[in-house]
Each structure stands twice: as structure tokens, then as C-alpha cells.
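Working notes for the structure below.
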Amino acid sequence: MSEAAAVKDTPIEHAHQGFLKTYIFSTDHKMIAKQFLLLGLVMLMLGGGLVMLLRWQLAYPDKPLPLIGISETYMETGETETAMDRYWDEQFSKPEKEQSWIATRMPAGVISPNFYNTLFTMHATIMIFFVVMPILVGCFGNFLIPLMIGTRDMAFPVLNMLSFWVAVVSGVIILIGFFVPGGHAATGWTAYPPLSADPTWTGVDWGQNLWCFSLIFLGISSMMGSINYITTIINMRAPGMTFMRLPLTIWSLFIVAILLLLALPVLTSALAMLLFDRMAGTSFFNASGGGDPLLWQHLFWFFGHPEVYVLILPAMGIGSEILSVFSRKPIFGYHAMVYAMVSIAGLGWIVWGHHMFQSGMNPALGTTFMISTMVIAVPSAIKTFNWLGTLWGGNIQFTVPMLNALAFVSMFVIGGLSGIYMASTPVDIFIHDTYYIVAHIHYVVFGGSLFGIFAAITFWFPKMFGRMLGSKLGKIHFWITFAAFNCTFFPMHILGVGGHMRRIANPLQYEFLQQFEGLNIFITMSAFTLGMAQLIFIFNVFYSMFKGKKAEDNPWKANTVEWTAATPPPHGNFAEIPTIYHGPYEYNAPGIDEDYLPQTSQATIATDGNGKQ
Amino acid sequence: MAKPAEEKADNLTIEKDVGQGLPPILDDDSFGNGNRSNGGDSDRPINSAVLAMLLFIGAEVMFFAGIIGAFIVLRFGANDWPPPGQPRLPVVVTGINTAILLLSGLTMFKTKRLLKDWHREKILHGLTITALLGALFLAVQGFEWTRLLGFGFTLSSNIYGTVFYTLIGCHALHVLGAVIWLTIVASRLRMNSPAYSANNHVGIKLSGMYWYLVVALWPVLYGLVYFN
Amino acid sequence: MLDWLPPSISTVGGEIDKFFYVIYYITTVVFFLVAGTMIYFLIRYRYKEGREVKYTHGNTTLEIIWTVVTLVALIVLALVSKPLWSKIKQELPPSSTVVQVTGKQFNWEILYPGPDGMFGTEDDYQIDNLLHVPVNQVVHIKLKALDVIHSFFVPVLRLKQDALPGREIMMWFEANKPGEYEIPCAELCGFGHSGMLGKLIVHSAEDYDAWVKSTWPEN
Ligand code: HEM
Ligand SMILES: [Cu+2]
Ligand SMILES: [Cu+2]
């Protein structure tokens, strides 16, 4: 390491590394961030594709899919009409073992019940673990932490690289699952045993095992990531970057890292037990062998509830960031925002039972969990009010990131409010395991996290790729998505109120659900629109990456430190480590000429008579 | 770990030293000294590698909390514990074994106290003894296990066997990992590796921290599993 | 929106619906307040070159007010929810009618104890998916599962309870309107989960007697 001293202030030299080190096994946090982004976007298309099949089945139960299904003529007369007809004809003449992948899962183009179960299981698993987590935590955690706290890279760059590649291994394992005999996991993302614990109940053998292995690997990846994030934030902040000067994005990622670090090992332990049950003949979750099916639910939700906050907290941080920038105004109640997130992180550990009100858990515990759940809604309310406070009296610019951030706030409000119904135990008796829950999930995870992701990508795109993201396409994408999102998910509340169970492949099998056929078709049409609209986004991202307008260093005139770095930031980020003089949200501060004040600026803010800044 | 004031002025070199001898994934040196020293509060409260190790231990504790939680749910959910007709667990032998492991914690404690003044020989000695005690613990455990297996008491024979082998087995795996780690550290030290020196021994410290984890977990598991 | 609720035919259904409505009204008001304020701000403070911006970092009094108000409101909601929850899930009003319902892939196995009122005797009567009960009487259900977790769901009774293998869960309900209703399974239980469906037949007093007579003619 003799060159170390010489290199110390010219980190840019490291940029000239081979292709493999620059693009594949990179240890540069920005490249790793882009890798996570790519992983997330690819998986987003897969997860979205799966759910299109699922929505078809719900609107037109047991009807052959368009394009690949058999034709009506063939169904009625047995005459092959289209090329697909001939294909199905040929498949059905074969013994089952030799039939194609598609024929065993969607015979004649009709989604089989088991494949339906696989579809929603993998949709949720992929969206939660391979889209939202890689993008919000993996990509933006990596990209923003070093840049926003003013340092050159993560504390442990090699660990960082490993974290990504372990996530890839996990992703590959989950993909392999689609091709093993018996099909992929089909027990929901919650994988309740005994259903998931014994292949006899589902016919799924290696699919479920691979699902477990994949999530164990993902847990390892997340652990490496979160250790890195926490250490970096505690130890690597630029001089002057005190905790109370950290951007809320960094606060949220910091808290998320702690949640992940402590929650995922619990899932890992549960997954290990599940694998033992499946492969070593134990009976952790098998009552006849002395086990307890509820044990899984306790462990899973002990992880699961912190996990859902892992999905939303970064979006909250990012939303706050963007709201403040485009209101040209300090965030309202910075400290309250921080304390709200901290209390979410604390309370998040004692509310898991609200997923188990009807599970057979002692009903007295249900009451306790109801109270803690009500309490945890408070910090979310506080944050919402502060977001409104931030808009109040601002000078609001409706840029694409701002539109997405505003959508995030308003959709999160709906998701949070619907949570209150389910938190009230008597009401939950009726709406538990109905589409009401599905509506809630999607208002928080799509309306919250995914709009947060759109906001983040459109906001930091210039810094990441050095080019502006096309704003016309951005707006088109936003408005279609916003409308189609609400048309897709709002009616699900109505389905839930009507008692429509979740995870059923064919609502028309029930007398009392006949009336919802039309609504289901409407939802499906909206969902298709919603899915198509995402192609605009994907196109916009990749097109702008190469063809977009060149970006300036600070296109939004924002305060945080990443905007002082070159665009895109070189290896090592800053020519010189910055010194921090201000909080992150000093917009339109008195005594400052510009309407923004970079954290690195040495200008001082005029104080008013009250001594307040 | 607060840095003495006089070191601050020259924290480049200090930090540099501290980073060596670490497992490669905890090496934070991709920028020479640039990253580690320039970034960060000048009075960083804790060494990065030590902090990372603490966090990792936190995650491990949560993993054990998961399986201990499972044990508690299953044990107190069962009507008879232990289920009738099960071999008695070797409480006494394991009690002695517990003493062995606790002793190794003590030797590790003494060894870590030697780090500051860098008595290399004594440290090597201490590490070796600790690792040997750990290995002895594992050997006794293994011996008891073969006896239990001889009685037909296996992982899948019933829920009693399941929780026993899971908890104790997970712990044994961790001890095994810790012994291997100590062995590597000790042999590097023996070979006079430049990785460790008087003002640079975080690598040793980390292995010691991990050792404390496996030692501290054991009495809890012993108390829970062996006493009904 | 709540017009979509299925009709309620149980003694507690109306009370649950009442909560549903109360929360519905509260959350709707809150939503329109929040959304309205937001839209108002967005229009009122939309971008204008040179607009004077309120430079403020927040207001502690406001923070305290909205924290305390939401906290109190939510805790009150929890406290008033509790008695109903206990009534449904914790208390067990006395009853002379007990039926055992066992979830299995993919049927509800219904077991009637017969005239002697005891399970495991000669006169037990077992049938899949048909649950006969008398109107206006408390009925106890002994809920079990054979293989995996199922969930006993009767939308019109506003009743839902998971059935766990290895456990017996006692539930009760009192239906107050004769008729035939559906008992779907609400917890994913395998590829046949969709379509796992039983029928609840609530008999008027006479009908119920007739059904009992025809099922146990000897007595
Ligand atoms: C504002 C406060 C919130 C409350 C009071 C709340 C309450 C609840 C309750 C009681 C359930 C269980 C319902 C049932 O299964 O019967 C639930 C489910 C769920 N919540 Fe929330 N929630 C809140 C916020 C969030 C947030 C922020 C997220 C995620 C970003 C989230 C994600 C979920 C998910 C994914 C489920 C469904 C899990 C499943 O069964 O698959 N919730 N919520
Ligand atoms: Cu939850
Ligand atoms: Cu079912």
C-alpha cells in the first residue's frame, strides 16, 4: 500500500480499471447502486408480467388466455383453427411428463389453480424482495448514503459488492424455481405451514425449497448491506454533518438498515426451520409431531411487520426530501419527522400480532396488539401533517419527481387510513383475508413505495446518469399511472367490503361474489393499463440514459451534498471532502440571495428576533 | 475508542494501521487512506470494523432469539416435557462442559487485556488455549451427541429431539466457526504476520468479540434446554 | 361504499357493521380534510416567479396538538373496539347446540353429535359442507382442521376464524334469519382453496325440528 499516501487526494485515478472491475465486480457504491437498480427494474417487469396473467384469470376465470390459449372454434368443434390450437393439440397427445412448461401450468392456455397460486406467491415475493428492497434500499441506499453524507464510498466497499452479488445469487435461485418439476412455491409470500411444510399438501417440492433458500441468501445480502450502511452513516459523515443535519432520506435509510439487520435473522431462523420440516423430517410446524403452526406466523410477522416499514420508510425519507426541494421551503418539523421514524422503528417490533387476529392466537393478545397497532399509526399521521405543513406557504414546482412525491403522500394517506379498519379487531374479523387487505397493501406498497421509487429515480436520475430524464414522458407516465393505479386498487376496497376473499382463483364459484364480475373485469382492464404505462417509464429511463439532455451539477437547485459533486460523480465522489455548515433544507432562508443554500455553503442565515434560524 | 487528541492531527496513519489484518470484506481501504480518514466526523466514536462486528453480533443474537423463541413456544406448548420415553440429557457432563466454555471466555478476556501492551507471545498463548478449550467443548459435545444418537434420539425422532439438536447444533456450528477463526488468527500471529502489531490488532479483537458471543449464548441455551 | 356489505344475519353482525361505519365516517372526513388541504395548498402556492415563501422549520405546539389528538382518537377507538371483540371471540354464551366443523382439503367436514349431545358416539352424524343450525339460538362450533390451516368464514354472520391442525377452537354465533348462506374458506389451503365452499342452512324452529327428525328418525 505504498501508493496509498499519494492517492489520498486524487481518488479519481482509481477510475481506470478493467471492464470487469468497473461494471461487474465494481466496489464503487454508485455502480453497485446502478446494478441494484437494474436488478430491480428487470424484476419489476417480471413481477408485473406475472400479475397480468393473474388479473386475466380473475376477470375471466378459466377462460383461455388471449394469444396463447385455444380458440373458441377448437373448444366447440375440436377443429384446430390457429397455430396455437395445433400446438395444444400436439401437447395433449403427449404424456404429461413430456408436455411443455407452459402446457403443464396453463393447459390450453387456461391458468391452472396451482399455477394461479404460484402467480400470486411469486408476484408478492418478487415485488417485495426483488423490486422494492433492491431499488429503495439497495440502489438508493448505496447511491445516496456516501454522496449525501459527503464521503468517498461505503465503509466496506468489498462487502458492498458482495452484498449485491449475493442478492443476484438469491435472484437466480428464485428464478430457477419456475422451472423445477412440481412448480414454484404456491403458498403465498407468507408461506404458512403446514401447507408450506410438506409437499403432499401442494404438490410443490423443490419450488418451495428454493424459495426458502433464495430468501435466506437475500437475508445474508441485506445483512451485509445494512452493516455497511449503519457503519458508514455513523463513522463516515463529513466534518460538520451532525446527525441532526442529515437529510431525512439518510435518516430513513439508517433506520431501515437497523430494522433489516435485526428483523431478517428472525426470518432466516424461521426459514431454516421450514427447510428442516421439509427436508429433514422434523415437525416444528406440524401439530401431529408436537409442533405448532402458529409458531411460523409469530416468527414470520415478527419479521414481517418491520419488513413492511422497510418498504415504506425510505420512500418517506425520499418524499420528504423532494417535497422540501420543490416547495422551496424547509421541511416542516424536521425533528418531529426524525422522532416519528425512530418511534416507528421501535413500535414496529410489538405490533406483529395484528396479522394474526383471526389465526387462533389467544384473543386477549389480540386486544394488546390492537392497541399497539393503533399507536403505531400515530407517527405516520405526524409525518403526513408535516408534509402538508411543508407545502403550506411554499412555492410549489410541479416537476415529475414532485408529482410522484405528491402521489406518494396522498396514496399513503389512503393506505394508512385503511389500516385503521383492520387494526380494529372486530372489523378485522370480517375484512381479514379479503381484498380489503389487498387494497391496503397496494396503497402502501404501490402507492407508497413504488411512487416513492418513481420520485427517487426521476429526482436523482441526472446525478446518477449525468442526463436529464425526459420530463414529457415522465408526466405522461405519471398521470396514466396515477389514474390507472386508483382505478385498479380503489375498487378492491369494495370487493373487500363485499367479502371477496383474497387468493381465490375463481370468484365465480361463489354465489355471493357473482355481483363482482363486472368490477373484476374493470379492475383487470385498469391493471393492464397500469402495466402498460410502466413500459413508458422503462423506455424513458433507458432512452434518457443515453440520449437525454446533459444535466448540470445541480439541476433542481437543491441543498444536499450530492449536488455539489460532479455529474455523474467520479470514483471517489468529491475532489475534496466537503465540510458541512447547514441543515439540509434551508430553502429561501433570510439573508441569502439565492432561494437555496447548499449544506456546504459558508454563508450564514440571518436570524430573526426570536433567535430562531 | 475515543481517539486521544494528539492522534487526531495525524489520524491518517493511525487509521491506516487499524485497518490491516482484517478479513478482506471488512477492509475499507479502496481509496488508500482517502476514504477512511477524510470522510467521517473527525472524532469518530468507534472503529468501523469493531462497529461492523457489533452489528453482526446483533444480527446473530436475533437469529438465536428466533430459534430460542421457537423453543419456548414449543416447550411450553407441549403437555409433557420431556416427552415420555426420551433419554435423559447429560446434564452433569454438559455442566462440566459449560465450565470449560466459560473458562475459555475467561482466557479470552485475559488475552484481550494483553493486546494493549502487545505481549505477542502471551497473546498467542492465550489464543491457543482459548481455541483448545473451545475444541475440547466441541469434542465433548460431539461425544455426547453420538451417545444420544445411539439411543435413537435424533433430529427428527420427535419435537424434543428437534429443538435439542437445532438449538445445540446451531450453537455448536457457531463455536466451530469461532474456533476456526481463532486458529487462523493464532497461526497468523505465530507466523509473525505483519497483519498484527502493537498498535494494530483489531483483527484479533474481532475474533475475541465473536468468541464472547458464543460463550455468552451457551449458558442461556444450557439452562433452557437441559433443565426441564 | 359500505352498501356493498353482505346482509347481516347474526346478532353481532350489526354491531360490527356499526364500527365499520363509524371508522368509515371518521376516515372519510380525515381523508377529505387532508386531501382538500393538500389540493388547496397545491393551487394556492403553485409556482410563481418571486413568490414570497414562508421560511419556517415547524411549530412545536402544532406538533404536540396533532400528535396528542390522533393518539387519543386511536386509543379510544381501540378501547371501544375491545368489548365487541371480547364478546365475539372470548366469551361463550351457553348453548345446547354444538357442531364440530373440520376443515380438510378441500371440504368442510361437519359432525353433529346427535340427540345425546356427545361426540364420538353411535348417533353422530357426519356430512360434508352442510351446516344445519336453528335460527335465534346460540350455536357453538368446535373448529378443527385435518391437514393445513383453513379459515371458517361466513360473510353474512361477519364471522371468521382460522382452523388450525392440532387445535380445537370454540366459536359461537346466533343467526337471526332463516335461509341458505355460503361458507367459503378464507385461508389459502392449496390448489383447491378456491371453491372450497360449505353451506350454512339456518332453519326456522319448525324446520329445524323436522331436519332433526329426519336425520335421527329412531329418536
Ligand atoms: C398506518 C398504519 C398501518 C396500520 C394501522 C396497518 C395495519 C395493518 C393490519 C391490521 C394488517 C393486517 C390485516 C389483516 O391481515 O387482517 C395489515 C396488513 C398489511 N400491511 Fe399494514 N398497516 C399500516 C401501515 C402499513 C404500511 C406503511 C405498510 C407497508 C409499506 C403496510 C403493509 C401491509 C401489508 C403488506 C399487509 C398484508 C400482509 C399480508 O397479509 O400479506 N401497512 N396492516
Ligand atoms: Cu403489520
Ligand atoms: Cu382454503
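The values are calculated or read from the model by the stated rules, or taken from the named source; none is laboratory data. Keep in mind that what you see is a predicted model, and the values were worked out from it rather than measured. Cβ placement follows ideal geometry from the backbone for every residue including glycine, while neighbour counts extend to all protein chains displayed. Keep in mind that these areas ignore ligands, DNA and RNA; they rest on the heavy atoms of the full protein, side chains included. Shrake-Rupley method; radii C 1.70, N 1.55, O 1.52, S 1.80 Å.
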What does the highest-first list of C:95-101, A:106-112 look like by mean Cβ count within 10 Å? A:106-112, C:95-101
Based on the inverse mean of 1/r over its pairs of different Cα atoms, what is the Kirkwood hydrodynamic radius of the protein assembly as shown, in Å? 31.3
Please work out whether segment C:13-90 counts as rounded, prolate or oblate from its C-alpha gyration tensor, where a ≥ b ≥ c are the square roots of the eigenvalues and a/c under 1.5 means rounded, while otherwise a/b larger than b/c means prolate and anything else oblate? oblate
Report the percentage of all Cα-Cα pairs in segment C:97-215 whose separation exceeds 21 Å, rounded to a whole percent. 32
Once label points are set 7 Å from the Cα along Cα→Cβ at both A:V180 and C:I75, what is their separation, rounded to one decimal in nm? 5.0
Could you run the numbers on buried accessible area between A and B, total for both chains, 1.4 angstrom probe, in Å² to the nearest 100? 3800
Sorting B:L136, A:L262 by accessible area (1.4 Å probe), largest first, what list results? B:L136, A:L262
Which of C:K177/C:K213; C:K104/C:K213; A:K383/C:K87; A:K383/C:K82 exceed 26 Å between C-alpha atoms? The answer is C:K104/C:K213; A:K383/C:K87; A:K383/C:K82
Roughly speaking, to the nearest percent, how much of chain A's 1.4 Å accessible area is carbon and sulfur? 66
If you average the sequence gap of Cα pairs under 8 Å that are 6 or more apart and divide by the length of segment B:46-226, what percent do you get for the contact order? 31
Inside 10 Å of the C-beta atoms of C:79-86, what's the mean count of C-beta atoms belonging to other chains? 6
Rounded to whole Å², per residue accessible area for chain A with a 1.4 Å probe reads 31
If one computes P(r) from the Cα atoms of chain A, what percent of pairs lie at distances over 31 Å? 52
In 10 Å bins starting at zero, report the fraction of Cα pairs in segment B:46-226 per bin as a rounded %. 9, 35, 31, 17, 8, 1
Considering only protein heavy atoms and a 1.4 Å probe, what is the carbon-and-sulfur percentage of the accessible area of segment B:46-226? 69
Counting only the heavy atoms of the protein chains, how much of C:F32 is accessible to a 1.4 Å probe, in Å² to the nearest 10? 140
Treating segment A:126-249 as a set of equal point scatterers at the Cα positions, no solvent, please give the Debye-formula log₁₀ I(q)/I(0) at q = 0.11, 0.16, 0.18 Å⁻¹. -0.48, -0.78, -0.89
Roughly how much of A:K63 is accessible, in Å² to the nearest 10, using a 1.4 Å probe? 110
Pull up the cross-link candidates among the lysines for B:K110, meaning alpha carbon to alpha carbon under 30 Å and not fewer than 8 places away within one chain. B:K3, B:K8, B:K16, B:K122, B:K205
Can you give the FRET efficiency to the nearest 0.05 for C:F32 and A:T607, using r as the Cβ-Cβ distance and R₀ = 51 Å? 0.85
Residues along segment A:427-442 losing 50 Å² or more of accessible surface when the other protein chains are present rather than the chain by itself (probe 1.4 Å): A:V427, A:I429, A:F430, A:D433
Find how many whole Å separate the alpha carbon centroid of segment A:197-219 from the alpha carbon centroid of segment C:34-85. 44
With label points built 7 Å along Cα→Cβ from the Cα atoms of B:D80 and A:T579, find their separation and express it in nm. 7.6
Projected area, mean over directions - segment B:118-211, Cα convex hull, nm²: 6.4
Within 10 Å of the Cβ of an average residue in A:511-523, the count of other chain Cβ atoms is 2
Taking a ≥ b ≥ c as the square roots of the Cα gyration tensor eigenvalues, with a/c under 1.5 meaning rounded and otherwise prolate when a/b beats b/c or oblate if not, segment A:23-182 comes out prolate
What's the total accessible area buried between chains A and C, using a 1.4 Å probe, rounded to the nearest 100 Å²? 7700
Dipole of the protein assembly as shown, Cα-centred, from +1 at each Lys and Arg C-beta and -1 at each Asp and Glu C-beta, to the nearest 20 debye? 3000
Rounded to the nearest Å, the spacing of the alpha-carbon centers of segment A:110-127 and segment A:368-430 is 30
Considering only DSSP beta bridges whose two residues both sit in the protein assembly as shown, what percent are antiparallel, to the nearest 5? 65
DSSP-assigned coil residues among GluC sites (Glu not before Pro) in segment C:85-185, each with at most 11 further Cβ atoms within 10 Å: C:E91, C:E122
Largest-first ordering by accessible area, 1.4 Å probe, given options A:W392, A:W189: A:W392, A:W189
With the other protein chains left in place, how much accessible area per residue, in square angstrom, belongs to segment B:46-226 at a 1.4 angstrom probe? 43
Net charge near A:F36: determine it from the other residues with C-beta under 14 Å of the C-beta of A:F36, scoring Lys and Arg +1 and Asp and Glu -1. +1
Between the modelled labels at C:K199 and C:L146 (7 Å from Cα along Cα→Cβ) the distance in nm is 2.0
Residue order for A:L519, B:L149, B:L173 - accessible surface, 1.4 angstrom probe, largest first: B:L173, B:L149, A:L519
So how do A:80-88, A:541-549 stack up, highest first, on mean other-Cβ count within 10 Å? A:80-88, A:541-549
Summarise the partner chain shielding of A:323-332 as one whole number: the mean count of Cβ atoms from other chains within 10 Å of each residue's Cβ. 3
How much solvent-accessible surface does A:F446 expose, in Å² to the nearest 10, with a 1.4 Å probe and all protein chains in place? 30
Please report the relative contact order for segment A:185-285, taking Cα pairs under 8 Å with a sequence separation of at least 6, and give it as a percent rounded to a whole number. 39
